[in-house]
1. For segment 129-204, give me every one of the helices (runs of 4 or more DSSP H) that falls completely inside it and has 1 or more residues that are surrounded by 14 or more Cβ atoms within 10 Å (Cβ to Cβ), touching a Gly at 6+ places or on another chain (Cβ under 8 Å) and charged (D, E, K, R).
2. Can you tell me which residues in segment 124-150 are modelled with pLDDT under 95 and either among the hydroxyl-bearing types (Ser, Thr, Tyr) or within 17 Å of the chain's Cα centre (by Cα) (or both)?
3. Just to check your reading of the model, which residue among Ala190, Ala213 is without any contact (Cβ under 8 Å) to a residue 60 or more places away in the chain and not acidic (Asp, Glu)?
4. Of the residues that sit in segment 94-112 and are part of a helix (DSSP H, G or I) and of a type in the set (S, T, N, Q), which one is modelled with the highest pLDDT?
5. Say we look at segment 245-267 and pick out the residues that are within 21 Å of the chain's Cα centre (by Cα), open to solvent by 40 Å² or more (accessible area, probe 1.4 Å) and among the hydroxyl-bearing types (Ser, Thr, Tyr); which of these is nearest to Ser81 (Cα to Cα)?
6. Which ranges mark the helices (runs of 4 or more DSSP H) fully within segment 1-93 that have 1 or more residues being modelled with pLDDT of 85 or more, surrounded by 21 or more Cβ atoms within 10 Å (Cβ to Cβ) and among the acidic types (Asp, Glu)?
7. Quickly run through segment 219-244 and pick out the residues that are open to solvent by less than 30 Å² (accessible area, probe 1.4 Å) and either under 19 Å from the mean Cα position of the chain (by Cα) or of a type in the set (Ser, Thr, Tyr) (or both).
Amino acid sequence: MTAVLRVARESSQLARRNLLRLVRTPTSLVSSLLEPVMFALLIGFVFGNSLGGGIYREYIVAGLLAQTVVFTTSFTTIGLSRDLEEGAVDRFRALPISRVSILLARTCSDMIVCVASVCVTTLSGLALGWRAHTGVLHTAAGFLLLLLFAFAMSWVGAFIGVIAPTVQVALSLGFIWMFPAAYISSGYVAARSLPGPLAHIAEWSPITALVNALRQQFGNPVPRQFPVPRGWPVEHAVPYLLLWSAVLLTVFVSWATYAYRNKSKSR
């Protein structure tokens, strides 16, 4: 059996274990499923009427989807940190399995949670009045890009989960970067409207890359009162998003695996 097939087999078995645990504790899904609805109602109706009404509510769905995949990385962070703290990973280390398999199993199984959250966000968007105007193929391509980026972000969560000494610290570290990442972007406002250097940060942000790519694939217009987005990241939104996804996977798969190996040796 080749190394790749071995890792795939071990990861699938461990992912099944994670999913069984999720089925037995369904309450852990409550926040992941309720948060998208809450943010859709809050931003779409509390702020939406003063920012463009229906066209703004359609505009923000890409931002809601991007925020959803960012926020669900905390599920990976907390789950992996809990396994480390409770000693489950120590039991896995006693087995003849690859260390990468444990991390890969966690990120893959938690994609189920992400898919569920994305479905809830999409339904919330439909309730707000959002529609895709580009046909089935472009719409499907948009969701595939979303899931690719979500998988890349899950490895960010895995890295934080490994380096956190406790679940409480993992919870704090897992959320402290999410709000700046989600909101310093063009998810809910035009990036060019942000003050000073924040506009440049938002313009080149990976979250903005995702949002721009989704709006292009879904054919969602920009509200008339918003500045028209321009520049290389907007004109090449899909390749720029693919580049960001590749960079995040390359960096954080390596970092998470290295940190996990060092943590395993110290136990």
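1. Those helices (runs of 4 or more DSSP H) span 197-204.
2. Within segment 124-150, Ser124, Thr134 qualify.
3. Residue meeting the stated conditions: Ala190.
4. Thr107
5. The residue in question is Ser254.
6. Working: elements: 3-24, 30-41, 54-59, 61-71, 73-86, 88-93.
Those helices (runs of 4 or more DSSP H) span 54-59.
7. Ala237, Tyr240, Leu241 - these are the residues of segment 219-244 that are open to solvent by less than 30 Å² (accessible area, probe 1.4 Å) and either under 19 Å from the mean Cα position of the chain (by Cα) or of a type in the set (Ser, Thr, Tyr) (or both).
The values are calculated or read from the model by the stated rules, or taken from the named source; none is laboratory data. In this text the structure is predicted, and so the values were computed from the model without any measurement. Counting neighbours? That spans all protein chains shown, and the Cβs are built from the backbone with ideal geometry, glycine included. With ligands, DNA and RNA removed, areas are computed over all heavy atoms of the protein, side chains included. Shrake-Rupley method; radii C 1.70, N 1.55, O 1.52, S 1.80 Å.
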